[in-house]
Amino acid sequence: MDVITTVPWETIGPPGILLLAVLLIIRGDLVPRRTHESIVESKDKALDVERRNSAELRTALRVLAVEHGTTTDKVLSSLPTREEARDA
């Protein structure tokens, strides 16, 4: 249940608003702007790092796939053909 909607705003008065603000800060419902911005900034940095790592991983996987294909091609072309196997 949302705390803000349960407050009788008409009867609370200035001391009640101050008490409500303190309670909301203690519960973590209100955070300072600097704290919020620093958390958002750190999450954005982490997301950027994750995106860079993901791009590097995709590039490495493409290179690995090409190498795998090259190796497979070399192995298959080194195997004897049916005619060569019959002659041997």
Which of rounded, prolate, oblate describes the chain, given a ≥ b ≥ c as roots of the alpha-carbon gyration tensor eigenvalues and a/c under 1.5 marking rounded, otherwise prolate only if a/b is larger than b/c? prolate
Given the -39500 (n - 2.57) contribution per DSSP H run of 4+ residues, what per-residue ellipticity at 222 nm results for the chain, rounded to the nearest 500 deg cm²/dmol? -28500 deg cm²/dmol
Can you list the residues, at least 5 places off or on another chain, whose amide H is less than 5 Å from the amide H of Leu30, using H built in the peptide plane? Ile25
In degrees, nearest 10, range 0 to 90: what is the angle between the Cα axis of helix 9-27 and the longest Cα principal axis of the chain? 40
Protection proxy ranking, peptides 16-28, 51-63, average beta carbon neighbours within 10 Å, highest first: 16-28, 51-63
Modelling each spin label as a point 7 Å along the Cα-to-Cβ direction, I'd like the Arg34/Asp87 distance in nm, to one decimal. 8.3
Just to confirm the number: angle between the C-alpha axis of helix 33-78 and the first principal axis of the chain, 0 to 90 degrees, nearest 10? 10
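Coordinate-derived values only; no laboratory data. For clarity, every value in this text was computed on a predicted model and none was experimentally measured. Every residue, glycine among them, receives a Cβ derived from its backbone with ideal geometry; neighbour counts consider all protein chains shown.
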